[in-house]
Amino acid sequence: MFIVFLPHDDGTSIQLFPFRRLCSVPAQRVVSMKKIHLLVLKSFVRPFLVTFSIVMFVLLMLFLFKYIDDLIGKGFAWYIILELMMYASATNVQMALPLSVLLSCIMTYGSLGENYELVAIKAAGISLRRAMYPMVAVISLLAISAFLFSDYMLPKANLKYYALLYDVRQQKSANFLPEGVFSNSFPGFSIRVKRKDADGQTLHDVMIYSRKPADNNADVLIAKEGKMYRTPSGNFLVIKLKDGVKYAEAAGDASYNVRERLTRYRFKETEQRLDMSALKMTHTDESEFKSATQMMSLNQLSDNIALIKRQIDSGITVNYKAVSSYLKYYSVPIRKNTTEKYAPSDGSEFAKADVHLKISQLTNGASEARSVQELLKRRTDLDKDLMQNEQRARLEYQKKFTLSAACIALFLIGAPLGAIIRKGGLGLPVVVSVIFFLFYYIISTIGEKYVKDGDLSPVTGAWIAIVVITPIGLFLSYKAATDSQIFDMEVYKRFFNRIFKRGGEKAQS
């Protein structure tokens, strides 16, 4: 009896040994194990790289569709957009990596099962668990790399990404002279162009209002035609105007002629220089974004959590001192060496007072109550913000570990699932992996939302998705090890046929 290994898609094969000889010679069995492990690793690397690239491309396209209005028509240099896409790709790793692990594992073991290579491996006396050893090692290294990435590289990428995205969204449009509307892109001027030619530089029916305070917003320039271009340095926009008139008003001289003067200039050709420094992209200081939790490493998050905790504790003392100042009218001093007891007022003093005194006391009391209420509201809002910041920081701290755990948990689902469904390629594995990943992603998103709302602890909200999908992975691993046909539709078809057949026989009898 011989063990038959079918050739793999890439042309690789495994040396064949007779079954009895393979079982009796340990050295040859070790060689066979090494080649099996090498075959599994080669089968995993290519799908992983392909799926990771595809997922990153899809996420990058979603990013471009989301911010297309902020990127188009603002005159950015190509390297600015490329830099923003690079930082966006780095931030998408935490979503793309788990999905790629799940999809590539299903494709790898599905392809091995479809080509009957798993059958040959089991016929050699090698269990599926032992055949997964190299994959376990690779996924463990991948999980460690994911943790290092989320702790060291991801905070820096988030800082660069959000800072550059803020600058891009704040940038004014490069179409600073649209047709038919007044444009205020240039400081001190309001410009309207009725029509542009196809070249985008020839203008018709130009109207320029001067909004300089020194001119009292009184200068108006009207021209039938114009042509605009930028200076070589790019600091100014020059508009050459033809066949127009300029109206300028000037204040009178208080000494001898107080009347205002209107001056009209007719010209055949003139030139207007507009400063473009306000239209250039400015880079915001990145230190303004460092306080966000997404830009912090584990050590920085620990320090931030400790700082917020101290602020909350100190707020308790501040709250007591702030409120106690309003209670001084009701405090009773304690006398030493006395047994006199102070009984609470029964309201007889207030009843004996006259109307004016009662009104004054009620007004003072209502004013004090409103002051205490406003103070408590401000302090409550401040404490609530601090607690929410602490929750977010603790959640981000836990998310540094959940990326690695998600890779391992989804591997436990993908590898046995591929061995069960026995389908490779990008067909059924893509559908199954997307369903499981959406299940994981929805639970994770809901958990994070509840944490931010204060309804769940950060540990529970961050790990609930991992806790839910890990038993599923262990169950599928058990089913794959026992050669379960849980996804074989023929089994279910035969089962329901037997049920309907029995029901029909009972009805006839």
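Restricting the first member to segment 223-251 and to residues that are of a type in the set (Asp, Glu), and the second to residues that are loosely packed, with under 13 Cβ neighbours inside 10 Å and at pLDDT 85 or above, the beta-carbon pairs closer than 7 Å and six or more apart or on different chains are ASP243/LYS268.
Residues in segment 272-313 that are exposed (fewer than 13 other Cβ atoms within 10 Å of the Cβ), polar (S, T, N, Q) and at pLDDT below 85 were compared, and the one that is nearest to TYR79 (Cα to Cα) is THR282. TYR152 meets each of the listed conditions (1) crowded, with 18+ Cβ neighbours inside 10 Å; (2) modelled with pLDDT of 85 or more; (3) among the aromatic types (Phe, Trp, Tyr) apart from (1).
Filter segment 90-124 for residues that are in a helix (DSSP H, G or I), small (Gly, Ala, Ser), surrounded by fewer than 24 Cβ atoms within 10 Å (Cβ to Cβ) and in contact (Cβ under 8 Å) with a residue 60 or more places away in the chain and give the result. Before the answer, list the steps.
First pass over segment 90-124, keeping only residues in a helix (DSSP H, G or I): 90-91, 93-114, 117-123.
Cutting the leftovers down to small (Gly, Ala, Ser) gives us 90, 96, 100, 104, 110-111, 113, 120, 123.
Adding the requirement that they be surrounded by fewer than 24 Cβ atoms within 10 Å (Cβ to Cβ) leaves 90, 96, 111, 113, 120, 123.
Once the filter is applied, which keeps residues that are in a helix (DSSP H, G or I), small (Gly, Ala, Ser), surrounded by fewer than 24 Cβ atoms within 10 Å (Cβ to Cβ) and in contact (Cβ under 8 Å) with a residue 60 or more places away in the chain, segment 90-124 yields ALA90, SER111, GLY113, ALA120, ALA123.
The values are calculated or read from the model by the stated rules, or taken from the named source; none is laboratory data. Note that the coordinates shown come from a computational prediction; the quantities given were computed from them, not determined experimentally. Cβ: placed from backbone, ideal geometry, glycine included. Neighbour counts: every protein chain shown.
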